[in-house]
Amino acid sequence: MSLVEIARFQDVYEADLAAAFLASHGVDVDVTERFQTTVDPLMQRALGLRLMGRSDQAEQARDLLARARAGEFAADDEGDLPPDKPTTRAVGRGLALFMAAMGGFASTSLPRRLRPVHWSGVALIGAIAAVSLILALPGVFSPA
């Protein structure tokens, strides 16, 4: 049996996913140029990765890949992330600012865990976090 090129990919992960998809449908393929592209990732763009398969399964493999690209095998399992709550960004912003105030601005060679706390930064971050929380929750802190 001679081997023919089924498809060409620019990314090793995409090629591996396509090979696994085809193997799950009974089509035997092999990803070529794996060694060169994993040793030097810049070679992925230059060489590309080829899926090589048997010539008698080539048409079936190309058809399966075309149907997969068209979305025929996509599952409607509601795998999307739920929308953010209103306070999520405000709390995240406050935590990021707090972490920035706790270290990183001291001009010593000590590790961050040993540097003194910047209390002015902590106070500033606390004020910003409080204002962010108040603005994010208008119904909670406003008078009835």
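Side notes on the structure shown:
- Scanning the range 60-81 for residues that are open to solvent by 100 Å² or more (accessible area, probe 1.4 Å), farther than 14 Å from residue 18 by Cα and modelled with pLDDT of 70 or more yields 72, 76.
- Residues being open to solvent by 70 Å² or more (accessible area, probe 1.4 Å) and either β-branched (Val, Ile, Thr) or free of Cβ contacts under 8 Å to residues at least 24 places away in the same chain (or both) - total across the range 125-137: 2
- Which numbered condition residue 101 misses (of (1) modelled with pLDDT of 75 or more; (2) surrounded by 14 or more Cβ atoms within 10 Å (Cβ to Cβ)): (1)
- Of the residues making up the range 31-43, those that are in contact with a helix residue (DSSP H, G or I) (Cβ under 8 Å, 6 or more places away or on another chain) and surrounded by 13 or more Cβ atoms within 10 Å (Cβ to Cβ) number 6.
- Any hit, the range 25-48, residues being touching a residue at least 24 places away in the same chain (Cβ under 8 Å) and within 30 Å of residue 127 (Cβ to Cβ): no
- Qualifying residue in the range 86-96 (condition: modelled with pLDDT under 70 and touching a helix residue (DSSP H, G or I) at 6+ places or on another chain (Cβ under 9 Å)): yes
The values are calculated or read from the model by the stated rules, or taken from the named source; none is laboratory data. This structure is a prediction, so every number in the text was calculated from the model and none was measured. Neighbour counts run over all protein chains shown; Cβ positions are idealised from the backbone, glycine included. Accessible surface areas use protein heavy atoms only, side chains included; no ligands, DNA or RNA. Shrake-Rupley method; radii C 1.70, N 1.55, O 1.52, S 1.80 Å.
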